[in-house]
Amino acid sequence: MSVVGAVVDESTKLSAVVGARSAGPLAKARDLHTVGDLLEFWPRRYLEHTSDLSNLHVGMYVVVVAEVKSATTRRMQKRKGEMLNVTITDGRDEVDLTFFKSWGHKDALVPGVTALFAGEVGMYRGRWQLTHPAYQVLEGGLGPHGADRGPIPVYLQVKGMQNWSVAECVRIVLDHLEVDSVPEPLPATLRSRHGLPGRLDALKGIHVPRDFAQVQRARHRLRYEEAFVFQSLLAQRRARQAAERTRARRPREGGLLEAFDARLPFELTAGQRTVGETLAQEMSRDVPMHRLLQGEVGSGKTVIALRAMLAAVDAGGQAALLAPTEVLAAQHHRSITAMLGDLAEGGMLGGSEIGTRVALLTGSQPTQARRQNLLDAASGDAGIVIGTHALIQEHVQFQDLALVVVDEQHRFGVEQRDALRGKGNQPPHVLVMTATPIPRTVTMTVFGDMETSTLTELPKGRSPIATHVVPADRPAWVQRTWERIAEEVRSGRQAYVVCPRIGDDGPPTAGSADDEELAAPEPGEGDEAAPHEMPSVYAVEALLRENPALDGLTIAVLHGRLAPEDKDAVMAAFTRGEVDVLVSTTVIEVGVDVPNATVMVVMDAERFGVSQLHQLRGRVGRGRHAGLCLLMTASEAETARERLDAVAGTTDGFELARLDLELRGTGDVLSARQSGGGRSSRGMGRGSFRFLSLVRDEDVILQARDDATALVAADPDLAEHPDLQAAVRSWVDEEQAAFLERG
Ligand code: ADP
Ligand code: MG
């Protein structure tokens, strides 16, 4: 059945150890191909070796482990054949089993045998009974009366195999492994300091435990290992970054930044000032900055970024602002040129003498304008270049790129940063901004190679946002919703209506549809079967045009399939107040800033994630007037209502992010549309771990981070820790493979 003589390690093919008959189903059903794969297939739960038989009731389906106390056969009077009566016990209570045919069971269920029984509980003559239960005799190292009986592992179902066969395969694999063939990424000092079992012991503790305490210790060890390997990788990256050199960009007196500050129409918040100082300091060092700035929607990140960009220009360099969508890039360009005034008219008649130029690069620009902008970037005439990530990464050459600001794109990984490196003579300083509140465990892992700043306060004079859930199946409530919109518009405000899809009746696809703009429906758990059609932008637009309550209002649509110039035109008109109601997809999810917009209606709100809804509603209540967000839903699913109530109940983005993390895992917090677990998904999210939970394991991560930082400081190349080095490298390989796959 197995290779004899050959060394078995975690990379050995399963078929060589457990045979093709078992290897086939394991590969097919669960994608398990190697010894290591199978060992990472953790039991979903464990059964106590002796179950409790005291809490039964008629009709209950039980799965229990019990010992056969007695077994008797009896000839039946009316029928041919022999009947088998077995009594099983947990040591206290008893249940009778009845088999109307003894054949096949009589030899298996003899007194003293322990087995797993499954069946429906009945009552006969005052005694509990299972009629023809399914059962599995438990053998293999199980002595009588619980000598070395541990919890029984129950695996996720493997099609074509019984649970006990899977367990048997795992046991065979473990029997073939030796301490020497199992790598040990954890240094002995750390293991003894934290009282952690060795890797092979831990694997045994997971799959063939003596008791639950051993399972706990084993899980802890393997989670710590996973955290530690990843933190070692991050510590190496941080060390490498600290050794990098770039040009220091020191502030200059009498420059753009001073002139800009002097004309700022508002006072910076304390938080904005502190972060500004941090950025100035880090940029004036010759080590490239890698900083993540998180701040609630509306906390004023753009001003911070702009001030840093101006400092870069003052220091003789250029800055690039990367937006996730063309709509956002255009909006940044509009608001930044407006804020700068004549400071953005460098070299032009009437422009400031110290002024620079702000170039916008979009896919839809006329060739002439585009060529000029590319030229300005290359010559350095444009101190600030704004565009989408793709555009800037692919097409632009800079004279001297000093600073890259990445807006609303928290998934801006090492790979993208590396791509930007090639743009300058030295690596640029990098500032990544996000309005998605990120729980600490995520900043310590996914962003573990960056420093983090957080803006906690909102600028003064911000109005609160009230959020309510509106049942879509109550016509009076729905009508009231549209009337609220009309009321806001009549008092001079504007409104958003957000829909989960565009609709087929729109104009044909044009231009580059930004990924984010194609509203992907996000079905919540348990409510997949949508009872009605998803409201589309065009359907809702038509509905609103027909509604007498909205008579005379200007309605426009915005979504990712519009041609880029149309998107810009619609957004510009909405910004100028020429459009009253904007019916759109989630294009407006991030960064769109129209302070006069005060009300937002989200159609089929249950289809959006908790954090996403929080982002969306951040579009209203940005000015002097109170914001109102109405979450419309027809879903009756409990989980959906719970999530929407949570959004309505708090405006604390961190709390909602935590909830998202709990409900949906890291993937969605990071807005990766990744599918469930398994090996291949790990690299995807740079933070989807096999065993580690970002919700539960904060302590483990903190500890691993400290330990790894110390270890890497002492042994930067991990030369003295080859197994750890190999584990780190294999993580990097997977990450890179996933990155390439994503394109
Ligand atoms: P976000 O952090 O969501 O990107 P923005 O940078 O778009 O927020 O800022 C939201 C609005 O608040 C903008 O109109 C901006 O001009 C304004 N703003 C920023 N800082 C302040 C401040 N300190 N006082 C008053 N308004 C501010
Ligand atoms: Mg912003």
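The values are calculated or read from the model by the stated rules, or taken from the named source; none is laboratory data. Here the structure is a predicted model, which means the values were calculated and not measured. Glycine also receives a Cβ, built like all others from the backbone with ideal geometry; neighbour counts cover every protein chain displayed. Side chains included, ligands, DNA and RNA excluded: accessible areas come from the protein's heavy atoms. Shrake-Rupley method; radii C 1.70, N 1.55, O 1.52, S 1.80 Å.
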Mind checking the full-extension length gain between T189 and A29? Use 0.36 nm per residue of separation minus the Cα-Cα distance, one decimal, nm.
53.6 nm
Most to least packed among 69-76, 221-228, 172-179 [average Cβ atoms within 10 Å]:
221-228, 172-179, 69-76
Is there a quick way to get the dipole size of the chain? I mean about its Cα centre, with the Cβ of Lys and Arg at +1 and of Asp and Glu at -1; what is the value in debye to the nearest 20?
1580 debye
How do W42, W482 stack up against each other in accessible area, from largest to smallest, with a 1.4 angstrom probe?
W42, W482
Given charges at Cβ of Lys, Arg, Asp, Glu: the chain dipole, positive-most of V121, V182, V68
V68
Would you compute, for the Cα atoms of segment 98-222, the largest minus smallest coordinate along each principal axis and list the three values in descending order, in whole Å?
63, 30, 27
Whole number in Å², please: accessible area per residue of the chain, 1.4 Å probe, ligands, DNA and RNA not counted.
45 Å²
Using a 1.4 Å probe over the heavy atoms of the protein chains, calculate the carbon and sulfur portion of the accessible area of the chain as a whole percent.
50 percent
Identify the residues of segment 171-201 with backbone N under 20 Å of a label point that sits 7 angstrom from the Cα of D715 along the Cα-to-Cβ direction, or state none.
179-201
So what is the calculated 222 nm ellipticity per residue for the chain, using -39500 (n - 2.57) for each DSSP H run with n of 4 or more, over all residues, to the nearest 500 deg cm²/dmol?
-11500 deg cm²/dmol
Cβ-Cβ FRET estimate between H468 and A338, R0 fixed at 45 Å, reported to 0.05
0.85
Calculate how many DSSP beta bridges within the chain are antiparallel, expressed in % of all such bridges and rounded to the nearest 5.
35 percent
Taking every pair of alpha-carbon atoms in the chain, what share in percent sits in each 20 Å bin, from 0 to the bin with the longest distance?
14, 38, 30, 14, 3, 0
At 7 Å along the Cα-to-beta-carbon direction for both A626 and M60, put a label point, then send me their distance in nm to one decimal.
5.3 nm
Which order, highest average first, do 709-718, 150-159 follow once you tally other Cβ atoms within 10 Å for each residue and take the mean per peptide?
150-159, 709-718
At R0 = 45 Å the Cβ-Cβ FRET efficiency linking E244 and E178, nearest 0.05, sits at 0.60
Once both labels are modelled 7 Å past Cα along the beta-carbon direction, what's the D699-D551 spacing in nm?
6.7 nm
Between M123 and V732, the two model label points (7 Å from Cα along the beta-carbon direction) sit apart by a distance in nm of 6.8 nm
With a 1.4 Å probe and all protein chains in place, put I354, I555 in order of accessible area, largest first.
I354, I555
Which percentage, to the nearest 5, of the DSSP beta bridges contained in segment 551-670 is antiparallel?
0 percent
If ligands, DNA and RNA are left out, what is the accessible area of L543 with a 1.4 Å probe, given in Å² to the nearest 10?
90 Å²
Estimate the FRET efficiency between E48 and A369 by the formula 1/(1 + (r/R0)^6), using the beta-carbon distance for r and 45 Å for R0, to the nearest 0.05.
0.05
Would you please put 545-553, 646-654, 204-212 in order of how densely packed they are, using the mean number of other Cβ atoms within 10 angstrom per residue and starting with the highest?
204-212, 646-654, 545-553
From the protein chains alone at 1.4 Å, what is the descending order of accessible area for I465, I701, largest first?
I465, I701
Heads up, I need the accessible area for T278: 1.4 angstrom probe, whole protein in place, Å², nearest 10.
40 Å²
On a full-extension model of 0.36 nm per residue, what is the gain between L349 and E533, subtracting their alpha-carbon distance, rounded to one decimal in nm?
60.6 nm
Between E487 and D93, what length comes free when the chain is fully extended (0.36 nm per residue of separation minus the Cα-Cα distance, one decimal in nm)?
134.8 nm
Relative to the longest principal axis of the C-alpha atoms of the chain, give the angle of the C-alpha long axis of helix 638-649, reported between 0 and 90° and rounded to the nearest 10°.
40 degrees
Using +1 at the C-beta of Lys and Arg and -1 at the C-beta of Asp and Glu, which of L292, L257, Q272 has the Cα lying farthest in the positive direction of the dipole of segment 231-300?
L292
